[in-house]
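To keep things clear, I will list the structure first and then write my remarks on it.
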Amino acid sequence: MGPQRGELLRKELEITTFRDLLEHYPYRYFDRTQIVKINAINANTEFVQLAGTLININEEGEGRKRRLVATLYDDTGRIELLWFQGAQWMKKNLNDNEAYIVYGKVSFFNGMPSISHPDIEPARAENMAGSGLQPMYPTTEKLRVKGITNRSFAKITQSLFEKIKPGDIPEVLPPSILNEYKLCSRYNAIKWIHFPDNNEQMQLARYRLKWEELFASQFMIARLRLQHTIQRGWKFEKVGDKFNDFFSKHLPFELTGAQKRVLKEIRFDTATGKQMNRLVQGDVGSGKTIVALMAILLALDNGFQACMMAPTEILAQQHFQGICALLQEMDIPVAILTGTTKGKERKEILKGFADGTIPVAVGTHALIEDHVVFKNLGLAVIDEQHRFGVDQRSRLWNKNETAPHVLVMTATPIPRTLAMTLYGDLDVSVIDELPPGRQEIKTVHRTHMSRARVMEFIKKEVNKGRQAFIVYPLIEESEKMDYESLQEGYEQVKVWFPEDKYKVAMVHGRQDAAERQRNMQRFVSGEAQILVATTVIEVGVNIPNATVMLIESAERFGLSQLHQLRGRVGRGGEQSYCILLTGNKLSQEGAKRMNIMVTTANGFVIAEQDLAMRGPGDIHGTNQSGLLKFKLADIVTDGFILEQTRIAAQKIITEDPGLTLPHHQLLKTILSQQGKQNNWSKIS
Ligand code: ADP
Ligand code: MG
């Protein structure tokens with residue numbers, strides 16, 4: 001391959017070595033035995049492969065709506081193909097009246113089927129001949145424009161295979177595992193995934209490679225767990241005055257059984273002399289904050305400092321205020337450090353952390369910056385962990401000579417497979433009980449047609465002295481448009497709630513932190529009855545007097561996000577409501593999401609459904625965490641393999657923690673490769 005094409009591959013797909021090329025796996029296979037006739041497409045058809053002749057290749061529309069339209073016909077019917085991006089290039093490379101193979105997702109418009117951005121290949125003899133399965137490779141617009149097509153990938157991979165021997169792709173899994181789980185060799189797997197002779201080879205290859213990927217992550221996690229168990233930690237020997245005083249005199253309510261149980265687990269962990277790494281999982285409103293605060297008091301009683309880290313400024317502020325209020329009568333200095341803490345104030349706070357005069361630190365990730373020094377940090381609480389990468393969690397380790405105990409709190413119940421992958425190294429506590437007196441939130445789905453009635457309903461609630469959230473979606477790609485509709489929405493809300501009688505506050509991500517804080521505060525204090533917001537209020541915010549959550553364009557939110565938003569109400573004793581407002585026409589999936597929300601309040605059910613419907617990437621902001629970067633494996637559909645690999649990994653670590661046995665030497669390759677990809681070493 002020439003230098004120019006080489007450069008393109010490096011830039012576009014980060015393919016820099018033979019190995020990268022070999023691991024640039026096909027995402028699908030073109031199987032010429034699987035061609036469907038156009039007239040067989042019906043309303044239930046999802047993905048299809050068609051063969052036909054292309055005609056009427058035309059550009060249509062103006063400006064942003066410009067698109068390329070073409071018609072494909074076979075002996076049974078015709079279907080429209082559409083390209084919204086790269087229309088010009090497609091037009092140049094498609095030939096009128098030529099035969100093509102087309103693959104893509106069918107959608108219907110006015111009852112007529114069409115496919116947008118299909119995979120399209122000339123139906124040349126070479127594409128139609130040979131074994132049934134031909135690899136289709138992921139590629140980019142730019143590569144295609146420069147002529148590096150699917151065919152090119154197949155060709156360069158093929159010629160690479162002509163140059164290598166089985167020994168060039170060495171095995172990394174021990175024979176015992178290959179036998180037990182019936183895995184083919186690494187060489188065969190790589191060869192077959194690119195050039196399978198038949199479906200069976202392809203399946204064997206995919207299974208083996210997914211297995212290896214998931215095993216590598218589970219193996220690292222098992223090692224990490226092992227390290228946690230031997231990691232020396234501070235010993236919290238006693239339960240002292242601060243904890244006991246708070247418990248007996250200042251606790252504003254009786255703890256739930258679940259809260260007590262989790263506290264016991266924390267007390268036990270922190271008294272062993274080993275480092276605690278515990279995840280507290282509890283649905284929104286289950287009362288995680290108080291558990292964290294009591295763990296903090298426990299640290300203080302033993303002469304340590306403690307910090308509590310939140311993912312956003314607003315949440316940090318709220319924790320700060322909440323903690324200050326609870327500790328009001330106890331004379332315990334608490335300070336907050338965020339990106340907006342500046343100048344003299346910042347200096348004094350940093351000094352207080354360093355000399356130990358401020359024992360409790362609340363803040364955002366500003367707390368983990370290197371120049372923030374503690375005299376004696378014994379406990380770090382991380383709230384709403386999924387906004388923090390594993391890497392950030394690991395940075396706490398350096399804050400004291402011995403790593404502080406770590407308590408991670410997460411509100412979104414995590415499906416089991418995801419938890420295994422993300423938090424597999426942590427011990428888990430579950431708060432599976434809501435504080436008493438909570439009423440179930442009534443959730444309804446309404447369309448724009450009922451807007452007037454919805455607004456009247458909110459007015460009634462507000463006139464009773466309650467408060468309401470009105471949330472707008474904000475999705476990056478259409479950000480500008482979203483802000484416009486947010487502004488419009490705000491103006492409309494003010495028409496329903498005129499300023500002489502009502503106060504409406506608005507918060508969104510484009511305000512600077514101080515302004516956002518001010519507006520939020522107007523709502524928190526009760527001065528404003530309505531808060532118009534984007535999802536910046538999604539996590540954690542606690543306003544017991546708010547009884548209505550109206551979600552605009554609810555179809556644009558994912559399930560877990562809707563559940564999080566709904567959890568913002570129903571926190572006081574009053575009946576609360578969640579109204580999901582959508583357009584009249586909903587996609588099948590959109591309708592299903594609304595239905596799930598209306599019929600269940602169970603966060604675990606919702607999280608499972610969300611994972612199944614959307615895939616893991618979106619849900620927990622896990623993309624950044626680096627833990628879920630699998631090339632082939634999908635933790636939703638490959639849960640079974642994940643389970644196998646977890647068992648296998650644990651077994652090896654238990655039998656041979658130091659990896660000294662000869663047949664385990666291969667595994668060190670996996671460790672060093674994983675280490676390069678993810679910065680695991682930092683964690684321990
Ligand atoms: P989350 O688990 O979502 O972080 P919070 O800790 O914010 O929940 O608690 C939600 C609300 O429930 C707060 O107003 C808190 O004071 C209250 N709360 C927590 N525990 C109890 C309890 N045992 N009894 C009554 N109210 C409680
Ligand atoms: Mg919380």
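Yes or no, residue by residue, for (1) crowded, with 24+ Cβ neighbours inside 10 Å; (2) within 16 Å of ligand 2 (Cβ to nearest atom):
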| residue | (1), (2) |
| --- | --- |
| Ile296 | yes, yes |
| Met308 | yes, yes |
| Gln328 | no, no |
| Val334 | no, no |
| Lys342 | no, no |
| Leu350 | no, no |
| Gly356 | no, no |
| Gly378 | yes, no |
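Looking at Leu474, is it more than 16 Å from ligand 2 (Cβ to nearest atom), of a type outside the set (D, E, K, R), open to solvent by 20 Å² or more (accessible area, probe 1.4 Å) and in contact with a helix residue (DSSP H, G or I) (Cβ under 9 Å, 6 or more places away or on another chain)?
Numbers: more than 16 Å from ligand 2 (Cβ to nearest atom): yes; of a type outside the set (D, E, K, R): yes; open to solvent by 20 Å² or more (accessible area, probe 1.4 Å): yes; in contact with a helix residue (DSSP H, G or I) (Cβ under 9 Å, 6 or more places away or on another chain): yes.
Judged against the criteria, Leu474 is a match.
Could you please give the count of residues in the range 7-35 that are over 21 Å from Ile164 (Cα atoms), outside any helix (DSSP H, G or I) and open to solvent by less than 90 Å² (accessible area, probe 1.4 Å)? Steps first, please.
Filtering the range 7-35 down to residues over 21 Å from Ile164 (Cα atoms) leaves 7-8, 10-14, 27-35.
The next check asks that each one be outside any helix (DSSP H, G or I); those that pass are 14, 27-31, 35.
With open to solvent by less than 90 Å² (accessible area, probe 1.4 Å) added as a condition, the list becomes 28-31, 35.
Count: 5.
Just the residues that are open to solvent by 20 Å² or more (accessible area, probe 1.4 Å), assigned to a loop (DSSP other than H, G, I, E, B) and within 21 Å of Asn150 (Cβ to Cβ), please, taken from the range 76-129. Lay out the reasoning, then the answer.
We begin by selecting, within the range 76-129, every residue open to solvent by 20 Å² or more (accessible area, probe 1.4 Å); these are 76-78, 80, 82, 84-86, 88-89, 91-93, 95-99, 103, 105, 107-113, 116-117, 119-126, 128-129.
Within this subset, residues satisfying the condition of being assigned to a loop (DSSP other than H, G, I, E, B) are 76-77, 84-86, 95-97, 110-111, 117, 123-124, 129.
Phe84, Gln85, Gly86, Asn95, His117, Ala123, Arg124, Ala129, listed by residue number.
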Quick one: how many residues across the range 436-462 are aliphatic (A, V, I, L, M) and under 30 Å from Glu254 (Cβ atoms)? 1
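Within the range 275-322, which residues are assigned to a strand (DSSP E or B) and either away from ligand 1 (no atom under 16 Å from the Cβ) or over 21 Å from the mean Cα position of the chain (by Cα) (or both)? Steps first, please.
Looking only at the range 275-322, we keep the residues that are assigned to a strand (DSSP E or B), and these are 277-282, 305-309.
The answer is Asn277, Gln305, Ala306, Cys307, Met308.
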With the condition kept exactly as written, say whether any residue in the range 527-543 is within 16 Å of ligand 1 (Cβ to nearest atom), of a type outside the set (Lys, Arg) and at pLDDT 90 or above. no
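Which one is surrounded by the fewest Cβ atoms within 10 Å (Cβ to Cβ), of the residues in the range 563-601 that are without any contact (Cβ under 8 Å) to a residue 40 or more places away in the chain and closer than 26 Å to Ser286 by Cα?
As a first pass, look at the range 563-601 and keep what is without any contact (Cβ under 8 Å) to a residue 40 or more places away in the chain: 572, 585-593, 596, 599-600.
Filter again for closer than 26 Å to Ser286 by Cα, leaving 572, 593, 596, 599-600.
On the way: Gly572: 17, Arg593: 26, Ile596: 17, Thr599: 10, Thr600: 14.
Of everything passing the filter in the range 563-601, Thr599 is surrounded by the fewest Cβ atoms within 10 Å (Cβ to Cβ).
Tell me, yes or no, whether the range 567-587 has at least one residue that is assigned to a helix (DSSP H, G or I) and modelled with pLDDT under 90.
Narrowing the range 567-587 to residues assigned to a helix (DSSP H, G or I): none.
There is no residue in the range 567-587 that is assigned to a helix (DSSP H, G or I) and modelled with pLDDT under 90.
Do the conditions hold for Val239, that is, is it in contact (Cβ under 8 Å) with a residue 12 or more places away in the chain, among the aliphatic types (A, V, I, L, M) and outside any helix (DSSP H, G or I)?
Details: in contact (Cβ under 8 Å) with a residue 12 or more places away in the chain: yes; among the aliphatic types (A, V, I, L, M): yes; outside any helix (DSSP H, G or I): yes.
For Val239, the condition - in contact (Cβ under 8 Å) with a residue 12 or more places away in the chain, among the aliphatic types (A, V, I, L, M) and outside any helix (DSSP H, G or I) - is met.
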With the range 397-501 as the region, which strands (runs of 3 or more DSSP E) entirely inside it contain at least 1 residues that are touching a strand residue (DSSP E or B) at 6+ places or on another chain (Cβ under 8 Å) and within 16 Å of ligand 1 (Cβ to nearest atom)? 405-410, 427-431, 467-471
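The values are calculated or read from the model by the stated rules, or taken from the named source; none is laboratory data. For clarity, every value in this text was computed on a predicted model and none was experimentally measured. Virtual Cβ from ideal backbone geometry, glycine too; neighbours counted across all protein chains shown. Quick note on the areas: whole protein, heavy atoms, side chains included, nothing else; ligands and nucleic acids left out. Shrake-Rupley method; radii C 1.70, N 1.55, O 1.52, S 1.80 Å.
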